[in-house]
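Read the structure below first, then the notes.
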Amino acid sequence: MNDNFETRARALFHGACEQIDPATEARLRSARMAALAAPPPRARRLLLPASALAASALALVVAWQIPGVTTHTSTPAVTGNQASNGSAVADDDVDLYNNLDFYTWLATQPTVAGTGN
């Protein structure tokens, strides 16, 4: 069926091409030559650099917005609290000690199946 359709379509196309009057054929030929000889429009020449710039900007925004990624390299703040061995205690450790009752309670709770713990 596909071969029959292709044969009929090809015959119809060639028949229509043979029936074009010379004036229309000349207009079509000159329009084709003008289109092939014309330089690409300015917008088309700028499309590649503009799209590369947009992709770079998008990548920068996505990288900037990724959660959990820190962009600073500073060391954590250390409080003036001194432990018995003379080392400084970080702010995170102070929060841990302030919430020690909660963490003790959390450690005694049973784990829920399917959470990966």
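The values are calculated or read from the model by the stated rules, or taken from the named source; none is laboratory data. Bear in mind that the values here come from a model prediction, so they are computed numbers and not experimental data. Note that each Cβ is placed from the backbone with ideal geometry, even for glycine, and that neighbours are counted across all protein chains shown. What goes into the accessible areas is simple: the full protein's heavy atoms, side chains included, and nothing from ligands, DNA or RNA. Shrake-Rupley method; radii C 1.70, N 1.55, O 1.52, S 1.80 Å.
For Pro110, the criteria (1) part of a helix (DSSP H, G or I); (2) at pLDDT 80 or above hold in every case but one, which is (1). Every condition in (1) at pLDDT below 80; (2) over 30 Å from Cys17 (Cβ atoms); (3) among the aliphatic types (A, V, I, L, M) holds for Leu60 except the one numbered (1).
The number of residues in segment 23-49 that are open to solvent by less than 100 Å² (accessible area, probe 1.4 Å) and over 44 Å from the mean Cα position of the chain (by Cα) comes to 4.
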